[in-house]
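Please read the structure below before turning to the comments.
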Amino acid sequence: MHLSLGLSSVKVNWKCPDWRNYKVEHPILVRHVKRLQALGLKDPWVRNYAWIYSPNVYRTPLQLCTTIFFKRFPHGFALAVAYTFAQSAFLKWYNDNGYGEAHAH
């Protein structure tokens, strides 16, 4: 029995992608191949790294920043505003109904 069968009962519907779907067209890979050719070398496995630079996986730093700012920043800002209001309401309540003057220093 495989160890993974006992760990989870979730069925994973994953299919290995076909290597023919990936082309060495990304500028980073093309530059890599040209550098190797200038040295008289060839990388027969370069296509195995083409999936890394597909648009579904690879993001430029600018794309990462816009993703973080436009998709995640509003949630964080809303949490910060909610926390600030909750904290100010609690402190107001605590100062009015707290331990009182007996515990004041």
- Return the residue satisfying two criteria in turn: it lies in region 32-55 and is surrounded by 10 or more Cβ atoms within 10 Å (Cβ to Cβ) and of a type in the set (A, V, I, L, M), and of such residues it is farthest from N21 (Cα to Cα). L36
- Query: List, please: which pairs have Cβ atoms under 8 Å, are six or more places apart or on different chains, and start with a residue in region 49-60 that is at negative phi and touching a residue at least 12 places away in the same chain (Cβ under 8 Å) and end with one that is assigned to a loop (DSSP other than H, G, I, E, B) and surrounded by 12 or more Cβ atoms within 10 Å (Cβ to Cβ)?
  - Reply: A50/Y22; A50/V24; A50/H26; W51/Y22; Y53/H26; S54/Y22; Y58/H26
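Does Y58 qualify as being closer than 16 Å to P17 by Cβ and either in a helix (DSSP H, G or I) or small (G, A, S) (or both)? Outline the logic, then answer.
Working: closer than 16 Å to P17 by Cβ: yes; either in a helix (DSSP H, G or I) or small (G, A, S) (or both): no.
In short, no.
Only the coordinates and a few stated rules stand behind these numbers; no lab work does. Predicted model, so just to flag it, every value in this text is computed and none were measured. So basically every Cβ, Gly included, is an ideal-geometry build from the backbone, and we count neighbours across all protein chains shown.
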